[in-house]
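I have placed the structure first, in the form of structure tokens, so that the comments after it can refer back to it.
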Amino acid sequence: VAKALFIDRDDTINVDREFISSPDEIDLIPGAAEAMARARRAGYLLILVTNQSGVARGLLTEEMLERVHDELQRQLSACGAALDGLYYCPHLEGAPVAEYDVRCDCRKPLPGLVLRAAKEHSVDLARSWMIGDRPSDVEAGRAAGCRTAFVRTGRGPSGGIEADLMAGDLAEAIDAILRIEAAGSERGRLRGRDGV
Ligand SMILES: [Mg+2]
Ligand SMILES: [Zn+2]
């Protein structure tokens, strides 16, 4: 059973451009990919979970979104941070594209994307984290049974966030997660040695 970082896309990994529809709009936040590579080397799967209601709004097609994600994956892979999974919600209730005008279970803050990804990649949610810049990311992670980290690279509120971890950006969040895990396994070793 694997552990994973479920990571939001816009304003967490890359700069938000309000409905990115073209690969040349992918602009990684400094340090994000390198930190994801560190998490990967520490044994975490890297799984993207993103709301992309631009599809339901008719601003881009799933084919365009796929090209954007190919470019994101290309840039992350070049840094040793290839995504193990990439999950998006294209839906929005009341949106103009009828096919996507549904009340789904995958638009964050609902946990559908995280739960589907966890099932498909045999992820132990209790050992995993959801990281994002919106309260909806924190809510989705908590509802799925993950620990949660909030990053301040977005336009989210400055207070009232009930995440397990608050960080300036993705790199800071990931490094804190890796320290927490290292401290936890150190405590485990000490307990083992003392026979408690
Ligand atoms: Mg975001
Ligand atoms: Zn959905």
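Could you run the Debye sum over the Cα atoms of the chain, one equal point scatterer each and no solvent, and tell me log10 of I(q)/I(0) at q = 0.16 Å⁻¹, two decimals? Rounded to two decimals, the profile gives -1.00. DSSP bridge analysis restricted to region 1-108 gives an antiparallel fraction near 10%, rounded to the nearest 5.
R0 = 35 Å: FRET efficiency of Glu62 with Arg179, Cβ-based, nearest 0.05?
Details: r = 38 Å, r/R0 = 1.09.
Calculated value: 0.35.
Where both partners of a DSSP beta bridge lie in the chain, what percent of those bridges are antiparallel, to the nearest 5? DSSP beta bridges in the chain are roughly 5 percent antiparallel.
Taking the inverse of the mean reciprocal distance over all distinct Cα pairs, the Kirkwood hydrodynamic radius of region 1-51 comes to 11.8 Å. For region 77-119, the alpha carbon convex hull comes to 102 Å³ per residue, rounded to a whole number.
How much mean residue ellipticity at 222 nm does the chain get from its helices, if each DSSP H run of length 4 or more adds -39500 (n - 2.57) and you divide by all residues, to the nearest 500 deg cm²/dmol? All intermediate terms of the calculation are to be shown ahead of the outcome.
Numbers: 5 runs with 71 residues, N = 196.
Counting only the DSSP helices, I get -11500 deg cm²/dmol.
Rounded, prolate or oblate: which fits region 44-135 when a ≥ b ≥ c are the square roots of the eigenvalues of the alpha-carbon gyration tensor, with rounded for a/c under 1.5 and prolate only if a/b beats b/c? Oblate. Region 125-196 and region 54-107 have Cα centres spaced 25 Å apart.
Per residue, region 30-114 exposes an accessible area of 45 Å² to a 1.4 Å probe, with every protein chain left in place.
Remark: spin-label model distance Phe19-Cys104 equals 1.6 nm, labels positioned 7 Å along the Cα→Cβ axis.
The values are calculated or read from the model by the stated rules, or taken from the named source; none is laboratory data. All of these numbers come straight from a predicted model, not from anything done at the bench. Methodologically, a virtual Cβ is constructed for each residue, glycine included, from the backbone with ideal geometry; neighbour enumeration extends over all protein chains shown. Ligands, DNA and RNA are excluded from the accessible area calculation, which covers all protein heavy atoms including side chains. Shrake-Rupley method; radii C 1.70, N 1.55, O 1.52, S 1.80 Å.
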